[in-house]
1. Restricting to the stretch 1-49, give me the number of residues that are assigned to a loop (DSSP other than H, G, I, E, B), open to solvent by 70 Å² or more (accessible area, probe 1.4 Å) and touching an Asp or Glu at 6+ places or on another chain (Cβ under 8 Å).
2. If I filter the stretch 178-201 for residues that are among the small types (Gly, Ala, Ser), open to solvent by 30 Å² or more (accessible area, probe 1.4 Å) and modelled with pLDDT of 95 or more, do I get at least one hit?
3. Which pairs turn up if I take residues in the stretch 113-133 that are within 19 Å of THR70 (Cα to Cα) and within 16 Å of the ligand (Cβ to nearest atom) and look for partners that are hydrophobic (A, V, I, L, M, F, W, C) and not in a strand (DSSP E or B) with beta carbon separation below 6 Å, at least 6 apart in sequence or on another chain?
4. Go through the residues of the stretch 128-151 one by one and say whether even a single one is crowded, with 23+ Cβ neighbours inside 10 Å and within 19 Å of ALA74 (Cβ to Cβ).
5. Taking the stretch 255-295, which residues are among the aliphatic types (A, V, I, L, M) and open to solvent by less than 30 Å² (accessible area, probe 1.4 Å)?
6. Any idea which residue in the stretch 358-390 is nearest to the chain's Cα centre (by Cα), counting only those that are closer than 20 Å to THR12 by Cβ and open to solvent by 70 Å² or more (accessible area, probe 1.4 Å)?
7. Give the number of residues within the stretch 367-402 that are among the hydroxyl-bearing types (Ser, Thr, Tyr), modelled with pLDDT under 95 and within 21 Å of ILE316 (Cβ to Cβ).
8. Residues to consider are ILE57, ILE112; find the one that is open to solvent by 20 Å² or more (accessible area, probe 1.4 Å) and modelled with pLDDT of 95 or more.
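The values are calculated or read from the model by the stated rules, or taken from the named source; none is laboratory data. Because the structure is a prediction, the values reported are computed rather than measured. Here the Cβ positions follow ideal geometry from the backbone for every residue, glycine too, while neighbour counts run over all protein chains shown. These area figures cover heavy atoms from the full protein model, side chains too; ligands, DNA and RNA do not enter into them. Shrake-Rupley method; radii C 1.70, N 1.55, O 1.52, S 1.80 Å.
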Amino acid sequence: MNGNPFERWDLTPVINASGTMTFLGASRVPAEARAPVDRILGAFVDMDELQSRAGAIIARVTGAEAGCVTACSAAAMTQTVAACLTGTNLSRIESLPRSEGERRVVLPTGHIVNYGAPVDQAIRLAGADVVPVGAVNACETWHLRDALENGAAAAMYVVSHHAARENELPMDVFIRICRDYDVPVIVDMASEYDLTGPVSLGAAAAIYSGHKFLSGVTSGIVAGKSDMIRATYLQHRGIGRTMKAGKESVVGAMAALEIWEKRDHAAVRAAENARVAFWMRALSGLPGLSLDSHADWTGNPISRVRITVAPATAGIHAWELADRLAARRPRIAVRDGLVERQEIYLDPCNVTDDEAETVAEAIVEEVDRAKTAGYGRRMTWSDAKSIREASVLSWPGERDAS
Ligand SMILES: *Cc1c(COP(=O)(O)O)cnc(C)c1O
């Protein structure tokens, strides 16, 4: 039997210049992290014991008292909120999403983002009620105090490039005020490199994805205070059952964290920066495309190439260019979350040097072709958006008969 899934099931190969995207399979998991996963898949293990070993690694890496592994960050958000509603009361754990008593979870309005699904839904899944604080572009201390005054079971703080940054309450201020009211703070840091910050500031729990920058298998990592982590872990006897972390997830997260501890971060960064520099050179001559090296929005140590398209000169809109790249084989995925602003970003983290060359050649080719053939600038953003919406609903799509 052919062990190559791309050949065996006719899958489209993807060059991923977009970053760690769940919808593209998140990360390239290194062989070193896959080996222990493969071993545990062929064996039995006491899951309580495995999770306690994982907790020790999480505690070491994050500086937290304790830790546990969940199916993913979204599951961790739901289960940490659940922990704040039930504590370690097993009867209450089994009763969720119904619960007596305080159910309010406060969070800044500008943090109610969509990472592929909405933040507020991950909270409501536990049976909690969401209380947005402040406006999208203004969350002030008085908004937070006022909300906490009315009572809250938990507060959530989301660090994400999607979150609104304008007049945002800094994390340290947010945590300090919540502690004044004895309200535990859950920090969602799913795609952030800073593994120690929130815990050191006094967050009750900090959440990371094992499959994003950590390059592990699909998993969520929760670090925090012992009582909070115990109550989070015990949710596997309740709503956590529907979002179960299997032995492969737990071992995968453990391996990823240990590899992260030993990784030569400076060397990885140098290789990523070299790819950015290569793209800047390779694309510099293209009329209508302006380039700059753009530091990560939330302060992760990554730079990306920002391509700003001037459609009148380039002969193509940014969304058309992204679509053309995606239609190639292999598919080239660029970071296209801001194409409506005529911006495309190239992320160096998940491409090889050869793939980086292919990406540059493809962009040059597509811009040249759009210009000579004159097919660009036909589709407005409104057209492109409605096509994108329709394609969401057209799953599973059509397969060619060949
Ligand atoms: C990716 C992401 C999530 C969801 O992470 P999963 O582990 O894929 O469930 C949650 N919050 C933020 C801020 C994210 O970036």
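1. Residues in the stretch 1-49 being assigned to a loop (DSSP other than H, G, I, E, B), open to solvent by 70 Å² or more (accessible area, probe 1.4 Å) and touching an Asp or Glu at 6+ places or on another chain (Cβ under 8 Å): 0 in total.
2. yes
3. VAL119/ILE112; VAL119/VAL113; ASP120/ILE112; ALA122/ALA74; ALA122/MET77; ILE123/VAL81; ALA126/VAL81; ALA126/ALA82
4. Within the stretch 128-151, one or more residues are crowded, with 23+ Cβ neighbours inside 10 Å and within 19 Å of ALA74 (Cβ to Cβ).
5. Correct list: ALA255, ALA256, LEU257, VAL276, LEU283, LEU286, LEU289.
6. ILE387
7. Qualifying residue count for the region: 3.
8. ILE112
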